[in-house]
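Worksheet: the structure to be examined is printed underneath.
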């Protein structure tokens, strides 16, 4: 079963994307630094919850790896921010994170009800969208910033593929 976002979720996501398109390069970098930090926190929280409800250690392990990589992404972005904007503070754009439109409560309900496949489908869709947005941002950028966004798009694709492999593994084992 491939989970899709509802009409309201799609509208919310499109609204976020529209706002992102209007941001300056400095605001975009600020936004994505915070988004990657939020994603890391989400994956760490999911790893803790899954550990409580599942005997399968590969699920929380993957979530912890994705959290660590999200922190690494934030560090890369912050390094680029500092290289480009020096000591200027990050800009609070006020735009919510796009990678996980669903609330943590809803994600936790998937886990508690044993719907790990659905949870992973949502996370896959989130990673796919992040990849698309990074590619779009790369097209709007140049030089090292463009290379950075292209690199992050590639990494997000890797996250998607790892989640997909986990989902397929769970389906094969009847999980």
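For this structure, a couple of remarks:
- The stretch 7-98: C-alpha gyration tensor shape, a/c 1.5 cut-off, then a/b vs b/c: oblate
- Selected from 114, 97, 87 as most flexible by GNM, with the chain as the system and alpha-carbon contacts under 10 Å: 87
- For the chain, the Stokes-Einstein estimate of translational diffusion at 25 °C and a viscosity of 0.890 mPa s comes to 147 µm²/s, using the Kirkwood hydrodynamic radius over alpha-carbon pairs.
- On full extension, the segment bounded by residue 88 and residue 161 gains 22.7 nm, given 0.36 nm per residue less the C-alpha separation.
- A straight chain from residue 169 to residue 15 at 0.36 nm per residue would run longer than the Cα-Cα distance by 52.0 nm.
- Computed E for residue 53/residue 75 - FRET, C-beta separation, R0 41 angstrom, nearest 0.05: 0.85
- GNM top mover of 156, 64, 88 - the chain, alpha-carbon springs below 10 Å: 88
- Eigen-decomposition of the gyration tensor built on the alpha-carbon atoms of the stretch 88-175 gives equivalent ellipsoid semi-axes of 30, 18, 8 angstrom, largest listed first.
- For the chain, built as a Gaussian network whose Cα springs stay under 10 Å, the top-fluctuating residue of 112, 83, 128: 83
- MRE, 222 nm, helices only [DSSP H, n ≥ 4, -39500 (n - 2.57), over the chain, to nearest 500]: -27000 deg cm²/dmol
No lab work stands behind these numbers, since they all come straight from the coordinates. All figures in this text were calculated on a predicted structure; none of them were measured in a lab. Neighbour counts are summed over all protein chains in view; Cβ atoms, including those assigned to glycine, are modelled from backbone coordinates with ideal geometry.
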